[in-house]
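Input: a single structure, listed below in structure tokens.
Bear in mind that the values in this text are calculations on the coordinates, not laboratory data. All values reported here derive from a predicted model rather than from experimental measurement. No Cβ is skipped: glycine too gets one built from the backbone with ideal geometry, and neighbour counts run over all protein chains shown.
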Amino acid sequence: MIKLYIRIKIKPYIASVRPKHWLKNIIIFVPLIYAHNLVKPDLFLTTIRCFVVFCFISSAVYVFNDIIDAEKDRKHPVKNKRPIASGQISVRNAIILTAFLFFAGFSLAVIGQSNYYVVLLALSYVLLNFAYSFILKHIVIVDCFCIAAGFVLRIFVGGAANNDRITEWLFLTITVVSLFMAFGKRRGEMMHVNDYFTTRKILANYDLQFLNGMMFVCAGLSVTFYALWAMTSVPLMIYTVPLVIFIICKYLLIIYCETSHGDPTSIILGDKSLMIASGLFGMISVILLYL
């Protein structure tokens, strides 16, 4: 009974920090892998620490956003099940949880960190999300660029952890892939939310055809920039381009499915073929880079 009680009590808190969204922080490892530093223990451990830092900080941001949006989330067909919106976690406890996550994240970032560029980037991520929560998410197109900026900051954190420069093609690749997912997320929300003004007002300023067009533009640019990045990093990496095209095509197909809400993490984790393709891409990339 005690174990059951603890599980019931803790479960909403685990759900509120959204551990499945930590998948987004894996991007921090990209500079480590492509700079051939995966076999260097010191840089590997530094990157893991940065990954954990962003898991704490991103979770704090999620809980903070849920506190701000609790009233609107209650009227949303999917978000009304979130712990704070549904009343499973009180606002007071949510604030305490947010403070703890921020403290843990920044403490880990500062302690033993000789490269304070990582701390600066983590702080920039938090400030960006604060601005997004109160102002920027209400400005059409800017809201999608803010989502993309979060991924770009992550890739620079990975670069800072490895003392490695982020190349122009990598920067452009991450930017357009992030915009591709952001516009897809807005499209999914637009297809499943009936009352924009009580849930997400910004959707009233978007046009479905515009979002469709931007998704295809960003999808094409993603393949182009990745191919250019692959050719300028390791020549053999060009052979991973067909797999990247498959992943993007499969992602597009899922986005256009009537049941998809456009959430990138749910899309990737919810489709076996997409997960297998992504896993193969990662495995083949490491083999080509290190053999």
| query | Highest mean first, what order results for 152-160, 71-79 on Cβ atoms within 10 Å? | reply | 152-160, 71-79
| message | Per residue of region 64-72, what does 6.51 cos²θ - 1.76 cosθ + 1.60 with θ = phi - 60° give for ³J(HN,Hα)? Whole Hz please, x for Gly and Pro, Karplus curve as stated. | response | 4, 4, 5, 5, 5, 9, 3, 5, 5
| field | Charge tally in the Cβ shell below 15 Å around W22, where Lys, Arg are +1 and Asp, Glu are -1, W22 excluded | value | +4
| Where Lys and Arg each count +1 and Asp and Glu each count -1, what net charge lies around N205 among other residues with Cβ under 13 Å from its Cβ? | +1
| field | Shape parameters for the chain, alpha-carbon atoms, Rg then Dmax in Å | value | 19.4, 59
| message | Please list 3J(HN,Hα) in residue order for region 206-213, calculated via the Karplus relation 6.51 cos²θ - 1.76 cosθ + 1.60 where θ = phi - 60°; whole Hz, with x for glycine and proline. | response | 9, 10, 4, 5, 4, 5, 4, x
| request: Please work out the Cα center distance from region 74-115 to region 131-190, rounded to the nearest Å. | output: 21
| message | If you take every residue apart from S58 with its C-beta less than 11 Å away from the C-beta of S58, what net charge results, scoring Lys and Arg +1 and Asp and Glu -1? | response | +3
